Amino acid sequence: MSATLRYRGNKSNLIEIAKNLDAFKQVPEKYTETTEIGGTLSLISRLLIIYLIYKEIQYYQDAKLKYEFVPDTETEKVQMHVDITVAMPCGSLSGVDLMDETQQDVFAYGTLQRQDVWWKLGVEEREEFERQQHLNHFLREQYHSVADVLFKDVIKSHEVSQPEKEQHGHVAHEEKYDACRLHGTLGIHKVAGVLHMVGGALPVVDMIGDHLMIGFRRLPSNFTHRINRLSFGQYSKRLIQPLEGDETFVADESTRVQYFLNIVPTEIHTAFSTINTFQYSVTENIRVLDGDGSSYGSPGIYFKYDWSALKIIVRTDRENLINFVIRLCSIISGIIVISGILNFILVSMQKKLLSIFAPQLLHIRLKESPENTPLAKPHLFKDITATEPPQLVVSNDLIANANIMSTKVEAIIPAINKTNEQ
């Protein structure tokens, strides 16, 4: 069995106590007064509240960015997106490989697809490429000025997309392909490595004296190239990829083109997700190798990359939602209180000036105002209370009533005795 407690007192007393504690007592509408000043201030205050709330919401959304630098401890593989067009047929490219400090097999990272294309772009494709080229050049020059804008755009859009496939035009179907497009995604480790593209060579047998010597002769090559895409990690159009839209013309086939990339892991926190991407800075070096053997190396295109030990974390420096709501409430209540004070001051000044310069107009206004109600006129209360019948006061004091009755009886008894004696 379970025992329950019940309140046996008078519940109406609790309701009365709750009513007495009410701090928001309602004033009947007939006892309120509307004025032109009050209406004007009400309209202005409401418009001001709407404007300030709009600006606060806009400011809350457009918060400042906060950058943090922490050690990068992740060791997972990173996607490397490549889309490069070299101005020579695919058959002339003998080596397109990626090697790093792990010394793994070159096929462990994946392979790039080869596609024979024409080097010359169509009119629309050339315009689109030049537009991207000019945009990337501008962003690279003004990066420190527009970095916050770009990161905020990424955070607002929550955009994470795959690299678009570039469409390459052609000049005529009957002409042979004169370029090779290398595109695809490679999975690389976070260690130093190099992606190289070198020309082909043919084995040649030479007779030196009585001995046969097998050597290699380089095929004619052209390392003029166009970089349509070169990025790491999750791809976003709004992040700057310095080499995208870059076009390099190489006149000498003995030229060695080197790009030195320093990759920085970047973590962007949006409202509902996290984007793990990578930024990189690049240094370019173009050198023509001497034929006398004084220069070392092989002609080709080399992308040498290394990784930063620190990771950048980008997030918005925004206060929590509760503080934002409290600030909105304080704005609304502050405007209402200030408008009420201004209304009281202006109405008092108006009445004071009217009483001095136009008392008749003030008298007419007072008659038309709700102040002419019975509650606003004390003399009416006197007339009403004077006509009311007197109320009898009933006392419950039994001892006092008994004393009064005994005095009356004592006054009557002597008179009765005199009548009896007569």
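Read-outs: derived from the displayed coordinates by stated rules, not from any lab. On a predicted model such as this, the values are computed, not experimentally measured, just so you know. Virtual Cβ from ideal backbone geometry, glycine too; neighbours counted across all protein chains shown.
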### Query
Sorted by average packing, counted as other Cβ atoms within 10 angstrom per residue and highest first, what order do 319-329, 239-249 take?
239-249, 319-329
### Task
Report, by chain and number, residues whose modeled amide H sits under 5 Å from the one on TYR280, excluding near sequence neighbours (fewer than 5 apart, same chain).
VAL264
### Query
So who's got an amide H within less than 5 Å of the one on TRP119, skipping anything under 5 residues away but keeping other chains? H placed 1.01 Å off N, in plane.
ASP178, ALA179
### Query
From the phi of every residue in segment 282-288, what ³J(HN,Hα) in whole Hz does the Karplus formula 6.51 cos²θ - 1.76 cosθ + 1.60 yield, where θ is phi - 60° and glycine or proline is x?
9, 10, 10, 9, 10, 9, 8
### Summary
Phi angles of segment 120-126, converted by Karplus (6.51 cos²θ - 1.76 cosθ + 1.60, θ = phi - 60°) into ³J(HN,Hα) in whole Hz with x for Gly and Pro, give 6, 8, x, 5, 5, 5, 5
### Task
Starting at the first residue of segment 187-194, write each ³J(HN,Hα) from the Karplus equation 6.51 cos²θ - 1.76 cosθ + 1.60 with θ = phi - 60°, in whole Hz, x for Gly and Pro.
x, 10, 8, 7, 9, 5, x, 8
### Query
Which far-off residues, 5 or more places away or on another chain, put their amide H under 5 Å from the one on ASP246, with H placed in the peptide plane?
ILE227
#### Entry: When each of LYS120/LYS176; LYS64/LYS190; LYS120/LYS304; LYS66/LYS190 is checked by Cα-Cα distance, pairs over 22 Å
LYS64/LYS190; LYS120/LYS304; LYS66/LYS190
